[in-house]
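Everything below concerns the one structure shown next.
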Amino acid sequence: MALTKVTEKIYYLINEKETDRPLLGYIKGDKYSLMVDAGNSKNHVEKFNNSIEKLNLKLPDYVAITHWHWDHSYGMHAAMGKTIACEITNEQLKVMTKWQWTDEAMKKRLLTGEDIEFADTNIRKEYKTFQEIKITAADIVFKNNLEIDLGGLTVILKNVISPHSEDSVIVHVPEEKVVFIGDAYGMDYYNNCKYDPVKLESFINTLENLEFNLCFPGHSSPINKTDIIKFLKSQHKKICVRNE
Ligand SMILES: [Zn+2]
């Protein structure tokens, strides 16, 4: 599977369900390029970089992380370019740099709720040996918003209210009318799979007020603005019926 070209300036590598690899983005400015999410491992990053080189594009100067979850951040040490995360993401990355990677330590984290079964299962599938797991904090840390001029193209990183995680960051490219939303649209797997209707409503509002045509979710194919909003509104309705 190679990189898919959306426009002259926007590319993506589709997600892979096998080991829960998320979709990775590539935004090409005249001067600099930016990768969206660092993937779940060195192997994932290498796959991304190989497809970049095959298209004669240059390796990314920056890598923006949408949230702290392992599948989006454990490739950071191997990714090319300076890594960028919001403050809340970075705090959790720092916590994870202290995690031990032994079978015993991993099982213990499941008991304490620091980690979840779904992540544990996929980490064990993605990594042949746990010694390969390397977690690093970001090079550049921001609070709330960060605007980056890539040359003829602006990228806006924004920490938004989302049902998935407190640190959810969306990556908006106004000139290209696209937005990468990471997992911001999903439930909170680290909080008993809670799907908070108030936070979801806030996230739907954020998308409604944002100018874009195409949206890139972390774990499925690109979807247009009307369809993602329609989908999230139907999810919201389901939660509210369930909670009645
Ligand atoms: Zn996530």
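Spherically averaged projected area of the convex hull of Cα atoms, the chain: 12.6 nm².
Mean residue ellipticity at 222 nm, helices only, the chain: -10000 deg cm²/dmol; runs of at least 4 DSSP H residues each add -39,500 (n - 2.57), and the sum is divided by the number of residues.
Straight-line cross-link partners of LYS108 among the aspartates and glutamates, defined as a Cα under 16 Å from its Cα and at least 8 positions apart when in the same chain: GLU117, ASP120.
Between the range 165-244 and the range 40-60, what's the alpha-carbon centroid distance in Å? Distance between centres, Cα-based: 27 Å. Let me have the relative contact order for the chain, percent, based on Cα pairs under 8 Å that are six or more residues apart. Normalised by residue count, the contact order of the chain is 17 percent. Put simply, when 176-183, 101-108, 223-230 are sorted by average Cβ atoms within 10 angstrom per residue, most first, you get 176-183, 223-230, 101-108. Going from the fewest other Cβ atoms within 10 Å to the most, the residues CYS86, CYS215, CYS193 appear in the order CYS193, CYS215, CYS86. Annotation: lysines with alpha-carbon distance below 21 angstrom to LYS230 (same-chain offsets under eight excluded): LYS177, LYS194, LYS199, LYS238. Couplings 3J(HN,Hα) of the range 49-62, computed from phi: 4, 4, 6, 5, 5, 4, 8, 6, 9, 8, 5, x, 8, 9 Hz, in residue order, whole Hz [Karplus 6.51 cos²θ - 1.76 cosθ + 1.60, θ = phi - 60°; x for Gly and Pro]. Within the same chain, aspartates and glutamates fewer than 8 places from LYS9 are excluded, and of the rest, those with a Cα less than 12 Å from its Cα are ASP30, GLU175, GLU176. Couplings for the range 128-135, taken from phi via the Karplus curve 6.51 cos²θ - 1.76 cosθ + 1.60 with θ = phi - 60°, read 6, 10, 5, 4, 6, 6, 10, 10 Hz in order; Gly and Pro are left as x.
Bear in mind that the values in this text are calculations on the coordinates, not laboratory data. No experiment lies behind these values; they were computed from the predicted model shown. Quick reminder, even Gly has a Cβ in these numbers, built from the backbone with ideal geometry, and neighbours come from all protein chains shown.
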